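S.K.: Got a structure for you, questions after.
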Amino acid sequence: MILACPQLPASSDAVIVVGGPAGTVAARLLAAWGHAVLVFTKAEADAPTIAESIPPSCRKLFRAVGILEAIDAAGFFRSTGNTVWWGGGVSRAEAFAEGALGYQVERRRLDRLLRSQAEAAGAPIIERMVTRVEFDAGRAVVAVVDGAGDETSVDARIVLDCSGRAGVVARHGFRRHGDGPATLAIVAVWDRAAGWPLPEPSHTLVEAYRDGWAWSVPVSASRRYLTVMVDPRATDLERGGDLAGTYRAELAKTRQLAGLTQDATLAIEPWACDASVYAAGRYAAPACLLVGDAASFIDPLSSFGVKKAIASAWMAAIVANTGLTRPEMTEPAHEFYTAREAEVVTSFARQAADHFGDAATAHDHPFWTGRSTVGDDLADLANQPSAGIDVEALRGDPTVQAAFTDLKQRSRIDFGPGERLRIERQPGIAGREVVLEARLRLETPAMAPTAARFVRGVDLPALVEMAGDQGQVPDLFDAYNRRNPAVSLPDFLGALSLLLAAGALRHRSA
């Protein structure tokens, strides 16, 4: 239950400004870990909310943050995959691997569920509007007003801005908006009592057309949300056009989804929301973290909006917990958080840009060509180049290939530290905290200098440490898997070849 006018304490460990899943998940974790948490949210509006398609890969994340059982018990409509008409318009049905099921959720239902989970963990959710946040000497003062207009302030050791696009803190010097195209989502809800005439009625449907794209998410056997994604400057909306008329005109441009609405009833009239992408120049500051959509917004084409928000909340809770329990680790924890957030948004943006580039080959229109470079634009805004080890590039690296071939030809091995073995201490996650962990500084002709701990799940420092203990590769493989989470033999051999090619390991005998 949301509290309207409770008596506020003078201070709290963490204040969380809620806009969606990110805030309530972060609040749940921090409260469960023993911190005093206050969650402020606006009054729930009567306006409709969007539907979200959540892929099965989110189950691991839901389990990690302790909400999987609640999600499964909520009775959300389950999906077996996606059906896509992209590029040339050929239908492509994509089932989730191994029969896994995704979730099709109405955001209001999801938000209410996650709020109840936060409250059950001891995080009170208070219906007050945050009007300003001031930072001084590594602490924050959060001013809020109640429904009567009375203002109160709370002192906090850290503030998590989870306010979504509103960006209560983020809009004050954190976000960077580039010159990318604007995108408007126009949404309506349709009912068809007899069900939908589709080969896979549970699928999310995605269709590209000449100057936009459309998608449809079912939330029950009879109800579907159907959204068109447009550049508002290419419609008549900026000239006073009718939203419902624009929606129907855009929907009529599709070849597949337009037919869905025949014999269907418009249950909720069209409404619009801004879906333009953005990123932040920085994601952390003293006593502050930007979380989820407050920090960045990725194109809905990825279907990873909820996953990104909850992953960001999990990471932010760990970083906040680190600063609250071990203040000396606050700065490296914040640096780690910033790097991870920037890397995530850049990765998702480049994936979306690839899809837009594919559509541009079939639809020669500025809507598509203007979006095919948005991944690079966001990378520039986030000050973050593509990071991590590119496994595909390493497969074509001659030095890695040569090391692998040599490894296969040896009947015995005798490994020792290589001349280029460089071990660094960099931030990483251990349980609920950010710690300084060992990483290897690696470089090959196909890979710029990169500090890495894992490649394909193989713990590189651990492998270097034990590599000289065995005389044959199978014995080293078995020993590694006994001491560490098990990996496959191909991944193990690939990691071993990389260590040899990068000079972190060497053969001590010919």
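S.K.: Can you find a residue that is acidic (Asp, Glu) and not in a loop (DSSP other than H, G, I, E, B) anywhere in the stretch 407-422?
M.R.: Narrowing the stretch 407-422 to residues acidic (Asp, Glu): 414, 419.
This time we only want the ones that are not in a loop (DSSP other than H, G, I, E, B), so: none.
Scanning the stretch 407-422, I find no residue that is acidic (Asp, Glu) and not in a loop (DSSP other than H, G, I, E, B), so the answer is no.
S.K.: A further question follows. Does residue 122 count as over 29 Å from residue 273 (Cα atoms), out of contact with any Asp or Glu (no Cβ under 6 Å at 6 or more places or on another chain) and in a loop (DSSP other than H, G, I, E, B)?
M.R.: Criteria met by residue 122.
S.K.: Here is a follow-up. Name the residues in the stretch 292-306 that are within 8 Å of the chain's Cα centre (by Cα) and under 14 Å from residue 352 (Cα atoms), would you?
M.R.: Scanning the stretch 292-306 gives 304, 305.
S.K.: Restricting to the stretch 333-350, count the residues that are surrounded by fewer than 23 Cβ atoms within 10 Å (Cβ to Cβ), among the small types (Gly, Ala, Ser) and over 10 Å from the mean Cα position of the chain (by Cα).
M.R.: The qualifying residues number 1.
S.K.: Which one is farthest from residue 206 (Cα to Cα), of the residues in the stretch 264-290 that are of a type in the set (A, V, I, L, M, F, W, C) and part of a loop (DSSP other than H, G, I, E, B)?
M.R.: Checked the stretch 264-290; the qualifying residue farthest from residue 206 (Cα to Cα) is 287.
S.K.: Right, here's the next one. For the stretch 455-475, how many residues are part of a strand (DSSP E or B) and touching a strand residue (DSSP E or B) at 6+ places or on another chain (Cβ under 9 Å)?
M.R.: The number of residues fulfilling the criteria is 1.
S.K.: Among the residues of the stretch 410-428, count how many are aliphatic (A, V, I, L, M) and more than 23 Å from residue 488 (Cβ to Cβ).
M.R.: 2
S.K.: Further question on the same structure: Can you tell me which of 147, 122 is modelled with pLDDT of 95 or more, more than 19 Å from residue 61 (Cβ to Cβ) and of a type outside the set (Val, Ile, Thr)?
M.R.: Selected residue: 122, the only one of 147, 122 that is modelled with pLDDT of 95 or more, more than 19 Å from residue 61 (Cβ to Cβ) and of a type outside the set (Val, Ile, Thr).
S.K.: Continuing with the same structure: Hey, does the stretch 348-361 have a residue that's at pLDDT 90 or above and out of contact with any helix residue (DSSP H, G or I) (no Cβ under 7 Å at 6 or more places or on another chain)?
M.R.: No; the residues of the stretch 348-361 include none that is at pLDDT 90 or above and out of contact with any helix residue (DSSP H, G or I) (no Cβ under 7 Å at 6 or more places or on another chain).
S.K.: Are any of the residues in the stretch 80-88 surrounded by fewer than 14 Cβ atoms within 10 Å (Cβ to Cβ), under 22 Å from residue 354 (Cβ atoms) and not acidic (Asp, Glu)?
M.R.: yes
S.K.: Could you tell me how many of the residues in the stretch 34-60 are over 28 Å from residue 214 (Cβ atoms) and surrounded by 17 or more Cβ atoms within 10 Å (Cβ to Cβ)?
M.R.: 7
S.K.: Another question, if that's okay. Just to be sure I understand, how many residues within the stretch 146-184 are within 24 Å of residue 106 (Cβ to Cβ) and either touching a Pro at 6+ places or on another chain (Cβ under 7 Å) or exposed (fewer than 14 other Cβ atoms within 10 Å of the Cβ) (or both)?
M.R.: The total comes to 1.
S.K.: Just checking, does the stretch 64-71 include any residue being more than 17 Å from residue 199 (Cα to Cα), modelled with pLDDT of 95 or more and more than 20 Å from the chain's Cα centre (by Cα)?
M.R.: Looking through the stretch 64-71, at least one residue is more than 17 Å from residue 199 (Cα to Cα), modelled with pLDDT of 95 or more and more than 20 Å from the chain's Cα centre (by Cα).
S.K.: Among the candidates 274, 263, 231, single out the residue that is within 27 Å of residue 86 (Cβ to Cβ), touching a Ser or Thr at 6+ places or on another chain (Cβ under 9 Å) and exposed (fewer than 14 other Cβ atoms within 10 Å of the Cβ).
M.R.: Answer to the selection: 274.
S.K.: Still on this structure, please answer the following. Could you tell me whether residue 289 is aliphatic (A, V, I, L, M), modelled with pLDDT of 95 or more, under 18 Å from the mean Cα position of the chain (by Cα) and closer than 18 Å to residue 25 by Cβ?
M.R.: yes
For every residue, the table says whether it meets (1) among the β-branched types (Val, Ile, Thr); (2) closer than 23 Å to residue 314 by Cα; (3) assigned by TED's automatic domain parsing to the domain that holds residue 28; (4) touching a residue at least 40 places away in the same chain (Cβ under 8 Å).
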site: 409; (1), (2), (3), (4): no, no, no, no
site: 432; (1), (2), (3), (4): no, yes, no, yes
site: 435; (1), (2), (3), (4): yes, yes, no, yes
site: 444; (1), (2), (3), (4): yes, no, no, yes
site: 449; (1), (2), (3), (4): no, no, no, no
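S.K.: Among the listed residues 34, 23, 19, which satisfies the condition of being farther than 11 Å from residue 317 by Cα and touching a Cys at 6+ places or on another chain (Cβ under 7 Å)?
M.R.: It is 19.
S.K.: Here is a further query. Quick one: residue 246 ticks every box in (1) surrounded by 21 or more Cβ atoms within 10 Å (Cβ to Cβ); (2) farther than 21 Å from residue 191 by Cβ bar one, so which box is it?
M.R.: (1)
The values are calculated or read from the model by the stated rules, or taken from the named source; none is laboratory data. What you are looking at is a predicted structure, and each value in this text was computed from that prediction instead of being measured. Ideal geometry is used to build each Cβ from the backbone, glycine not excepted, and the neighbour counts take in all protein chains shown.
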